[in-house]
């Protein structure tokens, strides 16, 4: 065993001893990263085909975002919302305009943003729709993934997410993903919102039938129900559009955003919504010490500019179409389906995906299994076509072997 490998094993042993065992990572210890590539403590180079679950769409350590972080960190990092700062108003304006909506409520993590949207929807239901106190219902989809808080896992259909964490928050009704008729049937006078991912990423890159989002929006409008889109993983260029909803020309009552909103430098999330929805909050009704802090806002503003000015949305659409077509040419008895949109691809197998991910890591590609039998591939949007060609070659090698 080499000295470098010994170092890798030492880090793994330390994490296993002192860290909580709530993840099942590949045994690669990353030390540095740049663009679409990461480097282990032993110096081995890997193509990152996960992008931290789409948090680093702009690539690792993007120099413009790094400069914004350093510049703002030298000025002021945190004021709390007890005082105003000079970055929050600009961030709110720029993000609202990008989304085509009215107001922004910044938070930190994706789960916090989802919780914020749930609170807003319920209060909207009582104040605007006239639902009786404590009777509001939100429609969600089976196989959803919206985060890890107790409220959110309570309406998950994944037993691993739920087991041992009850009792759960009531007020959620679950329907099959992609079934617009089931949505229409589930709505009652107490329904305040429909919360949905345009593509279910954690569930294995599940793409709904064409027209589902558009039909869902029509059903929600007809029934005075909010449409809230969790685009934490699918927004900001990942699927070849700025927002996944743009594929069907849908503008929701609220976008829930996170991950790539800060390019992987700092936790920034937000609910971006109509004034009718977000004006239900008043001072004291919701907040976060770090939410809307100047460091996070400065980083996010630059992260958004990078996506727009470096044409990462167009890049995702063009390279993603080529990449998907190449992967769909691969044939293997274990390979059930290859599906995707933009640079978000799922390779569904008939057997567990973990061994394939481990073999790919040996060849220098880092990706992760989703829902046991799907290989999720989502590289940074700055990836080159040459690197994607190399990735296709490695995938062919793994399936050939």
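The values are calculated or read from the model by the stated rules, or taken from the named source; none is laboratory data. Keep in mind that this is a model prediction, so the values were computed, not measured. Here the Cβ positions follow ideal geometry from the backbone for every residue, glycine too, while neighbour counts run over all protein chains shown.
For the reader, a short list of remarks on this structure follows.
- Looking only at region 143-182, and only at residues there that are in contact (Cβ under 8 Å) with a residue 40 or more places away in the chain and in contact with a strand residue (DSSP E or B) (Cβ under 6 Å, 6 or more places away or on another chain), the one that is farthest from residue 211 (Cα to Cα): 171
- Count of residues meeting criterion [surrounded by 24 or more Cβ atoms within 10 Å (Cβ to Cβ) and out of contact with any helix residue (DSSP H, G or I) (no Cβ under 7 Å at 6 or more places or on another chain)] in region 205-219: 1
- Here 172, 165, 145, 177 are screened, and the one residue that is modelled with pLDDT of 95 or more and farther than 27 Å from residue 291 by Cα is 177.
- Evaluation of residue 326 against (1) within 18 Å of the chain's Cα centre (by Cα); (2) more than 17 Å from residue 381 (Cβ to Cβ) (one fails), failing number: (1)
- Among the residues of region 187-203, those that are over 12 Å from residue 141 (Cα atoms) and surrounded by fewer than 22 Cβ atoms within 10 Å (Cβ to Cβ) comprise 187, 188, 189, 190, 202.
- Residues satisfying the stated conditions in region 220-246, i.e. in contact with a strand residue (DSSP E or B) (Cβ under 7 Å, 6 or more places away or on another chain) and part of a helix (DSSP H, G or I): 220, 245
- On the stretch given as region 365-387, residues that are over 18 Å from residue 53 (Cα atoms), touching a residue at least 40 places away in the same chain (Cβ under 8 Å) and either assigned to a helix (DSSP H, G or I) or touching a helix residue (DSSP H, G or I) at 6+ places or on another chain (Cβ under 8 Å) (or both) total 2.
- Checking residue 272 against (1) under 25 Å from residue 33 (Cβ atoms); (2) under 19 Å from the mean Cα position of the chain (by Cα); (3) not in a loop (DSSP other than H, G, I, E, B), the condition it does not meet: (1)
- Looking across 203, 193, one residue alone is outside any loop (DSSP other than H, G, I, E, B) and in contact (Cβ under 8 Å) with a residue 24 or more places away in the chain. It is 193.
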